[in-house]
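First comes the structure, then the notes that go with it.
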């Protein structure tokens with residue numbers, strides 16, 4: 001018996017029809033044709049789906065709908081959408097990437113603070129510490145002395161973090177070193193010291209993970225772009241125009257920027273050629289010049305660092321010896337200035353030295369791209385080095401170990417709070433500096449340039465929104481946040497507020513004070529640049545904290561780690577309390593028997609991936625050559641074809657002529 | 001204003017939503033913008049055909065150096081005058097929802113001034129000229145630049161960029177989003 005023919009072979013079912021309808025929008029035809037196509041597809045005979053297939057398809061449709069609705073509501077909720085669109089319209093997507101970066105940092109700080117709030121601050125406020133035993137230890141005595149100290153408070157305490165503010169949740173010193181629970185009788189308890197250090201490790205690792213993920217994305221894109229060839233000119237010409245620009249002035253600036261970039265690229269190529277052809281004498285002279293400039297830069301950096309160190313010592317000395325009890329107004333003012341002196345010096349250096357670097361780099365005659373990078377690198381070095389120097393100078397004050405008394409002579413009783421206060425002062429000063437410079441220095445400059453016609457005024461007043469400098473500002477404030485969060489747990493909240501306000505301040509600086517920049521900033525390159533700078537700063541910020549956690553003994557009068565040998569020993573002690581089998585597993589991970597094979601395996605994996613990527617590169621070269629050959633083949637065949645056709649024409653013409661002559665001959669005869 | 005919604009039937013909105021990268025709300029928003037260009041004409045016929053001059057008054061198109069090319073490509077009558085449906089098509093392709101491949105395809109057509117399905121030297125020359133606006137590159141610079149582009153992108157060495165080569169570059173570029 002023959003099988004009945006399957007009439008449903010060529011008919012498509014509902015699901016496929018729906019998919020085809022969804023694909024119509026990608027076709028480059030007019031709307032009317034699209035509507036016709038959709039109508040045709042919908043009225044064509046199609047099979048209904050049965051049972052399970054039907055359910056699957058319905059679910060898919062619903063999921064698509066939900067996705068599109070979610071995207072719609074999400075874009076409405078996007079923070080600061082209107083401002084970002086305005087900046088985009090005036091300055092292009094490169095600058096918008098910067099503001100998105102600020103927004104990203106703000107959310108990062110928000111999450112860090114939520115962690116801290118949930119696991120450290122709330123338990124401290126809500127739960128009650130364990131009752132202290134009757135016999136007092138040194139730690140108990142010191143703590144009591146510290147907390148009962150009377151302090152004179154002035155309104156300046158808000159800014160300096162001293163006085164009444166010192167003993168609040170703002171700083172490390174407030175947190176208890178005991179276990180806490182609901183009512184003090186330890187049925188179920190919450191180990192605050194362990195939580196404190198665990199949360200710190202978690203948010204630092206979390207920040208690192210998020211940054212590495214973001215940087216890796218940008219890195220991957222760069223790698224894909226530069227796979228043997230970097231499409232510099234094509235990207236410039238085909239991707240150069242920003243289709244979001246919507247006013248005349250920005251458009252003309254964009255034209256100018258594109259023109260400048262094209263000229264710069266061509267110029268760079270010419271310079272490259274020149275560089276290849278440089279004579280030996282010139283090379284030697286240039287090398288010497290570059291060495292000298294680098295030496296000068298190093299000298300300037302070390303001079304700056306020495307200045308910070310001595311300023312710190314000077315102010316400490318004065319504060320401790322002479323101004324313990326200020327009496328007159330003048331002495332108050334003097335004390336206030338001395339407290340802030342190191343921070344002021346750092347801020348001044350951050351303002352002046354980069355300009356010096358920018359002037360020096362012009363002697364080195366690098367290519368323009370390299371100039372931007374190396375100036376950025378040097379400025380980053382300056383900022384981070386000044387922070388490290390401050391930490392270093394603090395070290396001498398902090399480290400002191402006298403087992404019998406609460407703290408050393410002339411040293412602060414609670415050094416962690418002291419460090420927290422220093423960072424807090426830096427943060428406040430940094431923020432105030434931004435506000436001052438944007439509103440009282442740059443804004444009048446802009447007004448001068450706008451309303452006066454003289455050339456001098458225009459020279460002073462016209463500013464451009466230089467992206468690298470503003471990026472460094474934001475990265476610096478984030479570095480301070482990471483540096484100080486362990487010692488002042490409320491700092492991420494401040495950093496978040498600062499990011500929020502900084503967004504609006506920078507928006508003002510961008511839209512009102514400056515005109516569009518004459519260099520083209522590309523969004524993708526900018527993003528990876530921001531992340532790399534942020535990563536470097538993160539590593540530099542975490543190192544002092546890690547060192548302090550591992551090496552420096554905590555102060556005996558305050559904080560969650562009083563009485564322990566080092567901060568890290570809390571973790572070690574808790575680890576000792578784990579059951580034996582977990583401990584043996586952990587120990588196994590640390591032994592050489594485990595580490596060496598893992599290391600060998602990782603190296604082999606690395607080599608394998610490297611070999612695969614090398615093979616792929618080779619493949620790309622081969623395929624490219626093949627394409628060229630095929631193009632030549634095509635050209636050759638086309639030539640042959642046209643030659644052949646021409647030959648045929650000639651042949652036919654000759655044949656026709658022969659026929660005509662034959663006809664004539666036969667007519668004549 | 002409920003007037004916007006009452007101009008379209010539910011079925012038409014569903015059609016537009018299926019055939020573009022917009023949701024129904026965005027379609028209505030686009031119609032509002034379209035109406036703002038010529039209120040009375042669009043008020044009478046919601047799919048009215050507006051002349052190119054009127055379309056080019058839309059802010060982003062006015063300052064765009066390729067504004068007239070964009071209108072020509074999307075116009076169903078190929079003379080630059082656009083109906084609302086053409087306008088919707090245009091906005092849909094330029095929106096965030098459209099994938100890179102679709103944008104690449106339309107960009108190729110926009111850059112192809114002589115319509116021969118290849119980006120030849122004359123096409124590239126016109127593109128660069130329009131991009132630099134008031135300033136003009138010298139002849140030598142222009143030739144140098146075109147040569148560089150062809151060196152980078154022309155894989156089969158035939159002196160012009162075919163669509164496949166253009167798409168290859170765009171897929172590698174991460175800036176070509178807007």
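Taken together, the values in this text are just the output of simple stated rules run on the coordinates, not laboratory data. In this text the structure is predicted, and so the values were computed from the model without any measurement. Virtual Cβ from ideal backbone geometry, glycine too; neighbours counted across all protein chains shown.
What list do you get for A:142, A:400, B:82 if you sort them by fewest beta carbons within 10 Å?
On the way: A:142 22, A:400 15, B:82 28.
Going from least to most buried by this count: A:400, A:142, B:82.
Could you work out [θ]222 nm for the protein assembly as shown from helices alone, using -39500 (n - 2.57) per DSSP H run of at least four and dividing by all its residues? Round to the nearest 500 deg cm²/dmol. Don't jump to the answer; show the numbers that get you there.
Numbers: 35 runs with 591 residues, N = 847.
After summing the helix terms and dividing by residue count, I get -23500 deg cm²/dmol.
Taking 2.2 N^0.38 Å as the expected size of a compact globular protein, what ratio does the Cα radius of gyration of segment B:100-176 give against it, to two decimals? Each step should come with its number before you reach the end.
Values: Rg = 12.4 Å, N = 77, 2.2 N^0.38 = 11.5 Å.
Cα Rg divided by the expected 2.2 N^0.38 Å: 1.08.
Arrange B:73, A:505 by Cβ neighbour counts within 10 Å, fewest through most, would you?
Working: B:73 21, A:505 18.
Arranged by neighbour count, lowest to highest, B:73, A:505 become A:505, B:73.
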For chain B, what is the largest minus smallest coordinate of the Cα atoms on each principal axis, given in angstrom and ordered from greatest to least? 57, 31, 26
Rounding to the nearest 10 and keeping the result within 0 to 90°, find how far the Cα-based axis of helix B:163-172 lies from the longest principal axis of chain B. 80
Efficiency of FRET between residue A:285 and residue A:374 - r from beta-carbon atoms, R0 22 angstrom, step 0.05: 0.70
Can you divide the C-alpha Rg of the protein assembly as shown by 2.2 N^0.38 Å and report the result to two decimal places? 1.24
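Mind checking the mean number of beta-carbon atoms from other chains within 10 Å of the Cβ atoms in B:145-153? Could you put the intermediate results ahead of the total?
Values: counts 8, 2, 1, 9, 7, 2, 3, 7, 6.
That average works out to 5.
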The ratio Rg/Rh over the Cα atoms of segment A:626-669, Rh being the Kirkwood inverse mean 1/r radius, stands at 1.47
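Could you please rank B:118, B:90, placing first whichever residue has the fewest other Cβ atoms within 10 Å of its Cβ?
Details: B:118 17, B:90 22.
With the fewest neighbours first, B:118, B:90 line up as B:118, B:90.
Taking each residue in A:444-456, count the Cβ atoms of any other chain within 10 Å of its Cβ, then average. What number comes out? Present the calculation step by step, with values, prior to reporting the outcome.
Values: counts 0, 0, 0, 0, 0, 0, 0, 0, 0, 0, 0, 0, 0.
Partner Cβ neighbours, averaged per residue: 0.
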Relative to the compact-globule estimate 2.2 N^0.38 Å (N residues), the Cα gyration radius of segment A:594-658 stands at a ratio of 2.61
Starting from one equal scatterer on each C-alpha and no solvent at all, send me the Debye-based log10 I(q)/I(0) for segment A:278-397 at q = 0.13, 0.15, 0.19 Å⁻¹, two decimals. -0.63, -0.75, -0.99
